[in-house]
1. Are there any pairs, at least 6 apart or on different chains, whose C-beta atoms fall under 7 Å, with the first in segment 81-95 and on the phi < 0 side of the Ramachandran plot and the second loosely packed, with under 10 Cβ neighbours inside 10 Å, and if so, which?
2. Looking at (1) loosely packed, with under 10 Cβ neighbours inside 10 Å; (2) in contact with a strand residue (DSSP E or B) (Cβ under 9 Å, 6 or more places away or on another chain); (3) closer than 26 Å to residue 139 by Cβ, which is the one condition that is false for residue 62?
3. Can you tell me which residues in segment 112-138 are in a helix (DSSP H, G or I), free of Cβ contacts under 8 Å to residues at least 24 places away in the same chain and surrounded by 10 or more Cβ atoms within 10 Å (Cβ to Cβ)?
4. Name the residue, out of 88, 116, that is at pLDDT below 90 and farther than 28 Å from residue 153 by Cα.
């Protein structure tokens with residue numbers, strides 16, 4: 001048996017049979033820019049081409065085939081003015097760990113009302129039932145108003 005080794009280049013496909021190109025998903029990174037612009041301008045011509053968001057959330061909704069932008073869904077970056085601030089924009093790894101206990105309702109009462117209750121008691125400004133004779137504005141609000149105030153935007157900022 002004589003075997004002759006020779007090099008050859010084949011231009012035909014090695015695989016036999018049909019290929020299912022539907023399982024090869026072409027996301028936004030594939031295709032030229034013109035194709036993407038055509039896809040955006042004429043979505044009915046390319047209905048099978050999925051638009052891959054890759055973790056990006058929409059800033060609006062689609063109603064009756066129209067995209068409606070919602071201003072509340074657009075992220076707003078608020079950067080404070082740090083002119084004249086002596087603090088550095090980083091925390092050193094050598095900084096000591098801060099261990100702080102949980103801020104309870106008793107701590108909140110002590111921080112806000114305790115001093116006024118003590119002053120009213122020492123000054124004799126309490127009624128027989130323990131209520132103040134001259135209550136402050138915070139003491140006059142109802143439970144419902146306090147509940148509404150606690151859930152307003154920015155109420156967690158002291």
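1. Short answer, once both residue conditions are applied: none.
2. Condition not satisfied by residue 62: (3).
3. Pass one, segment 112-138, residues in a helix (DSSP H, G or I): 112, 114-123, 137-138.
Subset that is free of Cβ contacts under 8 Å to residues at least 24 places away in the same chain: 114-123, 137.
Hits for segment 112-138 are 114, 115, 116, 117, 118, 119, 120, 121.
4. On the way: 116 fails: farther than 28 Å from residue 153 by Cα.
It is 88.
The values are calculated or read from the model by the stated rules, or taken from the named source; none is laboratory data. On a predicted model such as this, the values are computed, not experimentally measured, just so you know. So basically every Cβ, Gly included, is an ideal-geometry build from the backbone, and we count neighbours across all protein chains shown.
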